[in-house]
Amino acid sequence: MKKGWKKFAGLTSQGYSDLIAFEPSLDAWNNAFEVLLENIADERAGNADYAKELYQVDDSTDYRYDVSEWLEDYLDELDMREEYERLETACRKLLTLFAWEEESPSEFCTMLSVALLGQGKTQEALTFDEEWLQKEPDSQYAVAALIRARMKCSDMQGARELVEGHITEATKCIEDNELIFIAAEEFYQEAGEKKAAKRVHRELEAFEELLDDEFDEEFGGEFLEDEDDLADMELPFN
């Protein structure tokens, strides 16, 4: 294990330990992010083609550090703690660090929009989301982000056009539009349209129930439902 990656592993482990211990500081997480950037820069100094895509960082390290998942957790922590300035900086760095030709950076773009809105940079967020949607017109992430940005900019008519352009009373909530449904519910609640909000909410609940049923069908037999199941098992020490 290279020294830099060993340091990254230690810091990420400390970060998760801090969460378990309810440590308010994100110092270990912030330091781990900086070390990650240094490691990628060092790797590219020896090989300019190193990890052009984010997933290739994990490929190159045999998934020892689960970098992609760790980054999601890190940005989530920044968001939950409302450290929007640092969140913006991290997202912008990640968006320029990789090519994003094989994968879409949708989650990072979403977080950048959240960071901008969280700092009151509503017009900047609006412009970013509009340009993003132009690049990825089929992205539910971009549509949902732009709905929220227009709402924050008090452009309720613009937000409505997006919502109703993607969701009608006959539209069913599925995996490909779930994020738009969530944003639509927020819109209708903000607009005071309780009936429409309830309709969208029911669709979201129906989709969640469908996912639960599919999960139970696939994995239900592998888990114990209650204590009676345990009592019925023939254990080797009975």
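The values are calculated or read from the model by the stated rules, or taken from the named source; none is laboratory data. The model shown is predicted, which means the values in this text are computed figures rather than measured ones. Counting neighbours? That spans all protein chains shown, and the Cβs are built from the backbone with ideal geometry, glycine included. Side chains are part of the model used for accessible areas, which takes the heavy atoms of the whole protein and leaves out ligands, DNA and RNA. Shrake-Rupley method; radii C 1.70, N 1.55, O 1.52, S 1.80 Å.
Observations, loosely collected:
- Segment 1-83 - percent relative contact order, Cα under 8 Å, separation 6 or more: 23
- Global geometry of segment 114-164, whether rounded, prolate or oblate, following the gyration tensor of its Cα atoms and the 1.5 cut on a/c: oblate
- Cβ-defined net charge surrounding Ala184, 10 Å radius [Lys, Arg +1; Asp, Glu -1]: -2
- From the coordinates of this entry, Cα extents along the principal axes in Å is computed, and it appears in (1) 61, 57, 36; (2) 56, 41, 38; (3) 58, 33, 32 under the label (1).
- Relative contact order of segment 113-170: 29 percent, from C-alpha pairs under 8 Å at least 6 residues apart in sequence.
- Counting heavy atoms of the protein chains alone, Arg92 has an accessible area of about 90 Å² for a 1.4 Å probe.
- Computed about its Cα centre, the charge dipole of the chain is approximately 1820 debye, with only Lys, Arg, Asp and Glu carrying charge at their Cβ.
- Nonlocal Lys pairs with alpha-carbon distance under 21 Å, segment 1-133 (8 or more apart, or different chains): 4
- Residue-normalised accessible area of the chain, expressed per residue, 1.4 Å probe, Å²: 61
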